[in-house]
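None of the figures in this text is laboratory data; all of them are computed from the coordinates on show. What you see is a predicted model; the values in this text were computed from it and never measured. FYI the Cβ positions are ideal-geometry reconstructions off the backbone, even for glycines, and counts take in every protein chain you see.
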Amino acid sequence: MDTLNDWLGDADTFVWGPWFLIPLLLGTGLILTIRLRGVQFRKLFPALRLGLLDRNDDDGEGDISQYQALTTALAATVGVGNIVGVATAISIGGPGALFWMWITGLLGMASKYSEAFLGVRYRIADAKGNMSGGPQRYLERGIKGPLGKFLAWFFAIAAVVASFGIGNMTQANAVSANLEESFNIDPTVSGIIMFIFIGAVLLGGIQSIGKVTSAFVPLMIVIYIIGGIVVLCINAGEIPHAFGLIFSDAFSGTAAAGGFVGSGILLALQMGVARGIFSNESGMGSAAVAAAAAKTTHPVRQGLVSMTQTFIDTIIVVSFTGLVIISSGVWDQGEDRAGLMTSDAFKEALPGDWGGHIVTISIVFFAFSTILGWSYYGERNAQRIFGSHATIPYRAIFTCVVVVGATMELDMAWTFSDLANGLMALPNLIGLLILSGLIARETKAYLDFDPELRASAKDVEKFLVDSRSTWSMTSAADNQSMR
């Protein structure tokens, strides 16, 4: 087991090294930000209104509403990464890691927009009439020839593997560890309970997942944020110092590893970007799978709605977690305590056991929703590899792995997840760069027509006819050819 963990650690260090995935991830986000003229800043508020308030795209083609697609993507991302992942990044990379998580999120919003846009643009109807899309589809359909096929298959395989890491084992592990710490519940018992509930929801497919996540994802985020606000109010005097640590450590090279001054700016950068992508998944391509199932009238509209998921995840939820940890002064306890560091921070501020219970309950709901969202991502990619008959076996195996994750060592789970995330992001980022010209052209054309995102379904249909949109014409033809 130690040999396997060492091998995974070496591979993870290479993939997330300063000269491989990190510059590709940040560079892709920067290039897309430039080519899209800062769409994540220009259109953030109209996109939030469209996804959370207007919800007027429900007449478009798709399996679930735009709002349900957003909450499914949020369910998959607002998880353990927002609580344990942030703590792990800060414990290893120092407070400066939070700064690089912010940068990853801001640039990643352009990546998230682009992959969701492509997910809808190149989606197809499967044999059962359900929408199927994501990098496993748009890499092959958008990039013609052997390269596109290779990237699509590489992504699909990596996504199935990643679904058992980021979307399963780390989530179940964090739940069992916190339930054991707070309520003395045996990890095996926690695993069995999760097994029962996850299995029950997965029987209903994406429609069932969409209904469950749309019901409790907003509630769980609000409860956690309210708890964070209370803690930050109590620690208000330490907040300026916390911000000072975040910005100074991001560039001074100070890092906390086991409680002592550590190993430089590259470690803060590496941990911030790695845990940032673990949290918001921008650039990984995963959210495009959920976006492809959404009812929408145009790919640009769904891309903008999906983009808000990264803002909510990183700029809001991750920020609260990081500030709570740093302002509470528990950030330098060391990596061994990282899994419970957020709980410790809440306990420092709130009376009795309230702090620990709030974090534990939040982790349970966050992790449960993440497991549901990722089950759909992995299932769709398993179908891409093995065909539609892979659905039931995948769901069965995925549900059983929850028990394994609940009882395994946390270090190996995190290392495995980081490595799988990197391998999954690689083909998607290459594809986004290749297709960036198409994304920019079609985005500009639509936003020139509908800058405030208020066009009705009839208006959008007329725009597609008048502009002879390649999306509307090629989509129908490709659907026939891909069945």
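Could you tell me how far the Cα centroid of the stretch 301-371 sits from the Cα centroid of the stretch 1-54, in Å? About 20 Å separates the Cα centre of the stretch 1-54 from the one of the stretch 301-371. Lysines within cross-link reach of Lys43: Cα-Cα under 25 Å, excluding same-chain residues under 8 positions apart? Of all the lysines, those that pass the test against Lys43 - Cα under 25 Å, at least 8 places apart if same chain - are Lys112, Lys295, Lys444, Lys458, Lys462. List the DSSP H helices in the chain whose Cα atoms stretch 18 Å or more along the helix axis and whose mean Kyte-Doolittle hydropathy is at least 1.6. In the chain, the long hydrophobic H runs are 21-35, 146-164, 187-202, 205-234.
Loop-located trypsin sites (Lys or Arg not before Pro) across the stretch 96-178 with a Cβ neighbour count of 16 or fewer within 10 Å are Lys128, Lys144, with loop assigned by DSSP. Once the Cα-Cα distance is subtracted from the 0.36 nm per residue extended length, the Ser467 to Ser388 segment shows a gain of 24.9 nm.
The longest part of the chain holding none of the exposed loop GluC sites (Glu not before Pro), meaning those outside H, G, I, E and B in DSSP with at most 14 other Cβ atoms within 10 Å, is 1-408.
Structural descriptor for the chain: relative contact order 34 percent, calculated from alpha carbon pairs under 8 angstrom and at least 6 residues apart.
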